[in-house]
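Working notes, beginning with the structure itself.
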Amino acid sequence: MAKEDKITENSTANVSAKSKTLNQDIQQIVERQAKAWENANSEAIIADFAEDGVFIAPGISITGKEKIKKAAEDYFKGFKNTKVKITRIFSQGNQGAVEWTWSDENKETGKKSQLEDAIIFELKDGKIIYWREYFDK
């Protein structure tokens, strides 16, 4: 085997290993986020975000961990029994997408709701820098 072939082979193996690690990181982040929302744990939610991370959902755009934490706590004041069922996770490099089913119950009215949610996100240094949700209300 020529020296050039070994370099290419090693480079491919390194890229493959990095991709596998990133894919695992993305899956773990999605699972942690789902669990944090189910457990009404705003600290766990923001633990995965960069200091200047962006969270966007229909009708809301927030930048910064503390503002994201406050938005989560405001949600928890009005809703309970949040359940998140992950349907699919996709990843490519430092970006990911997830589909999940979200259900909850309004504390005041007792009304239960469920929606399909699609999310795209981007990581930098293992932290979420961009998280955008798409769903019909």
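What strands (runs of 3 or more DSSP E) completely inside region 31-114 contain at least 3 residues that are touching a helix residue (DSSP H, G or I) at 6+ places or on another chain (Cβ under 9 Å), of a type outside the set (Gly, Ala, Ser) and closer than 20 Å to residue 135 by Cα?
79-92, 95-106
Test residue 27 against the stated conditions and say whether it is part of a helix (DSSP H, G or I), modelled with pLDDT of 95 or more and of a type outside the set (Lys, Arg).
The answer is no for residue 27.
From 114, 95, which residue is polar (S, T, N, Q), exposed (fewer than 12 other Cβ atoms within 10 Å of the Cβ) and more than 21 Å from residue 43 (Cβ to Cβ)?
The unique qualifying residue is 114.
I need a count of the residues in region 117-137 that are under 19 Å from residue 45 (Cβ atoms) and more than 18 Å from the chain's Cα centre (by Cα).
The number of residues fulfilling the criteria is 0.
Does residue 40 fit the bill of being modelled with pLDDT of 95 or more, of a type in the set (A, V, I, L, M), touching a Phe, Trp or Tyr at 6+ places or on another chain (Cβ under 7 Å) and closer than 19 Å to residue 114 by Cα?
When the stated conditions are applied, residue 40 passes them.
The values are calculated or read from the model by the stated rules, or taken from the named source; none is laboratory data. In this text the structure is predicted, and so the values were computed from the model without any measurement. Cβ coordinates were reconstructed from backbone atoms using ideal geometry, including for glycine residues, and neighbour counts include every protein chain displayed.
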